[in-house]
Amino acid sequence: MLPKSNNTIHTNMSSIQIAIDRGGTFTDCIGNPGTGRQEDDVLIKLLSVDPQNYSDSNLEGIRRLLEKLTGEKQDRGSSLDTSRVAYLRLGTTVATNALLERKGSRCALVTTKGFRDILNIGNQSRPKIFDLSCAKSDTLFETVVEVDERVTLEDYTEDANKGFTKPNGKDLVEGLSSETVRIIKAPDVEEIKSTLRVLYASGIRSIAVCLMHSYTFPDHEKIVGNIAKEIGFTHISLSSVLSPMIKYVTRANSAVVDAYLTPEIKKYLASFQEGLMNGLYSAENPNGVKCHFMQSDGGLVDAGCFTGLKSILSGPAGGVVGYSKTCFNTDNNIPLIGFDMGGTSTDVSRFGEGRLDHVFETTTAGVTIQSPQLDINTVAAGGGSILSFKNGLM
């Protein structure tokens, strides 16, 4: 059902539901007065970037939806009163575009001494093995800091009568994966403080910390993280927290991507909050509006916990979840193919067997990361792409 003749749908207090998908070209907004009925939905489509008319497409979308759903004038440029909004749900390509265009924040990699070149060396894979002009992707971090620490993994020892023996002693400890870890060199706290202070003085405020075998023994990373927090670094990405999985190179890449993108996400959220009268909900701000972001794995997360590593497929993931809920027929279980063409790129996915397909290691914009994501393939050709004719070929 379309809005009444005065373009207003009367709502109850704190009942409006708003969902927004911000793409590279267009921003799609949908609002419901709280009835839950599809016929009461209000749809709005606007340009993602239109500085002559508004500074933020999300805020402009919310403003227009509030006008239609409440019948009250919402002045453009003034703080929006979201007291009648039950929740906001957002999908965004802010992190995706920052990674593709290499416009993230300045960051540094903190790693084990002797491994400063680990990400420059990479895993030696060549996507196009017969390409004679193989070009390496630029690194996201600005500099590398080495920490003089080292742990190794010991072989299991087995007694026929007692079974596997647990490690004991000062140098042998049991890791989170039940592997025996030998501490060869513990980090020097004062040395780390001195090194990180020099890094802080250079103007870098975001760091990625990835030490050897931290997926099973995170203690040394926590030491570095606590020191960095004391010094004043505003964002610290610990690989043992973000991606506690084996494979040092991809774990380090994951931490660097998070340190590179999360500050941009925080800037985006800070700018977004400025346009809301009561800000976003948190433990410190219970009067704010509840806001959740779509993650790459198809789940929602509170705005305060939204990170760069889990936001790369934020927008496309929402599309997969949407068509899986609305188009899949459980009577015949025929798999679905999702084709989502935007103005900038096209996303293709599959849904079958009644469940979402996830992958745990992906390469995006030349960077291989470890993080749960929906299995979505993206090509850089959208509705705004120009088809050219050269040498008799398209």
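The values are calculated or read from the model by the stated rules, or taken from the named source; none is laboratory data. Just so it is clear, the structure is predicted and the values come from calculations on it, not from any experiment. Don't worry about glycine lacking a Cβ; one is built from the backbone with ideal geometry, like all the others, and counts go over all protein chains shown. Surface accessibility is based on the protein's heavy atoms, side chains included, excluding ligands, DNA and RNA. Shrake-Rupley method; radii C 1.70, N 1.55, O 1.52, S 1.80 Å.
Of all alpha-carbon pairs in the stretch 184-250, indicate the percentage at a distance above 17 angstrom.
Details: 887 of 2211 pairs.
Summing the P(r) of the stretch 184-250 above 17 Å gives 40 percent of all pairs.
With the calculation restricted to Cα positions, what are the radius of gyration and Dmax of the stretch 57-160 in angstrom?
25.4, 80
Count the net charge of all other residues whose Cβ sits under 11 Å from the Cβ of Pro263, scoring Lys and Arg as +1 and Asp and Glu as -1. Could the numbers behind the result be given before it?
Details: positive: Arg106, Arg205, Lys266, Lys267; negative: Asp258, Glu264.
Overall, the nearby charge balance is +2.
Once R0 is set to 22 Å, what does the formula 1/(1 + (r/R0)^6) return for the Cβ-Cβ distance between Arg116 and Glu230, expressed as a FRET efficiency to the nearest 0.05?
Rounded to the nearest 0.05, the efficiency is 0.40.
Less than 19 Å from a label point 7 Å out along the Cα-to-Cβ axis of Lys247: which backbone N atoms in the stretch 352-394 qualify, by residue?
Counting backbone N atoms under 19 Å from the label point, the list is 357-378.
Under the 0.36 nm per residue contour assumption, what length would be gained going from the current alpha-carbon distance of Asn333 and Cys305 to full extension?
Details: separation 28, 0.36 × 28 = 10.08 nm, distance 3.50 nm.
Here the answer is 6.6 nm.
Taking a quarter of the surface of the convex hull around the Cα atoms of the stretch 277-325, what do you get in nm²? Can you show the working numbers first?
Details: hull surface 16.2 nm².
Over every viewing direction, the Cα hull of the stretch 277-325 projects on average to 4.1 nm².
Please state, to two decimals, what the Cα-based radius of gyration of the stretch 249-394 comes to when divided by 2.2 N^0.38 Å (N = residues). Could you put the intermediate results ahead of the total?
Values: Rg = 18.2 Å, N = 146, 2.2 N^0.38 = 14.6 Å.
Relative to the 2.2 N^0.38 Å estimate, the stretch 249-394 comes out at 1.25.
Simple spin-label model, 7 Å along Cα-to-Cβ: Asp171 to Asp148 in nm?
1.8 nm
Are there GluC sites (Glu not before Pro) in the stretch 208-299 that DSSP marks as loop and that have at most 11 other Cβ atoms within 10 Å, and which are they? Don't skip to the answer; put the middle values down first.
Numbers: sites: Glu221, Glu230, Glu264, Glu274, Glu284; in loops: Glu284.
For GluC sites (Glu not before Pro) across the stretch 208-299 that sit outside H, G, I, E and B with at most 11 neighbouring Cβ atoms in 10 Å, the list reads Glu284.
Provide the net charge surrounding Ser206, with neighbours chosen by a C-beta distance below 13 Å and charges set as Lys +1, Arg +1, Asp -1, Glu -1. Don't skip to the answer; put the middle values down first.
Working: positive: Arg106, Arg205, Lys229, Lys266, Lys267; negative: Glu142, Asp258, Glu264.
Neighbour charge sum, excluding Ser206 itself: +2.
Between Glu190 and Ala365, what is the label-point separation in nm under the 7 Å Cα-to-beta-carbon projection?
Placing both labels 7 Å beyond Cα along the Cβ direction yields 4.2 nm.
Just to confirm, what accessible area per residue do you get for the stretch 308-347 at 1.4 Å probe, in whole Å²? Could you put the intermediate results ahead of the total?
Details: 2020 Å² over 40 residues.
Counting only protein heavy atoms, the per-residue value for the stretch 308-347 is 50 Å².
Show me, bin by bin at 10 Å from 0, the whole-percent P(r) of the stretch 219-322 based on Cα pairs.
14, 37, 36, 12, 1
On the protein heavy atoms, probe 1.4 angstrom, tell me the percent of accessible surface of the chain carried by carbon and sulfur.
Values: 11070 of 21340 Å².
The C+S portion of the solvent-accessible surface of the chain is 52 percent.
Taking every eigenvalue of the Cα gyration tensor of the chain, multiplying by 5 and rooting it, what semi-axes result, largest first, whole Å?
Details: eigenvalues 361, 133, 106 Å².
Equivalent-ellipsoid dimensions as semi-axes: 42, 26, 23 Å.
Using a cut-off of 9 Å between beta-carbons, work out the net charge of the residues near Gly338 (Lys and Arg +1, Asp and Glu -1, Gly338 not included). Before the final figure, lay out each step's value.
Details: positive: Arg350; negative: Asp340, Asp347.
After counting each charged neighbour, the total is -1.
State the percent of C-alpha pairs, over all pairs in the stretch 52-96, separated by a distance greater than 13 angstrom.
59 percent
Does the stretch 317-394 come out rounded, prolate or oblate, given a ≥ b ≥ c as the square roots of the eigenvalues of its C-alpha gyration tensor, rounded meaning a/c under 1.5 and, failing that, prolate meaning a/b above b/c? Intermediate values should be presented prior to the final figure.
Values: a/c = 2.70, a/b = 1.50, b/c = 1.80.
Oblate, because a/c is 1.5 or more while a/b does not exceed b/c.
With runs of 4+ DSSP H residues as the only contributors, calculate the mean residue ellipticity of the chain at 222 nm using -39,500 (n - 2.57) per run, divided by the residue total and rounded to the nearest 500. Don't skip to the end; give the middle numbers.
On the way: 8 runs with 95 residues, N = 394.
Dividing the helical sum by the residues of the chain leaves -7500 deg cm²/dmol.
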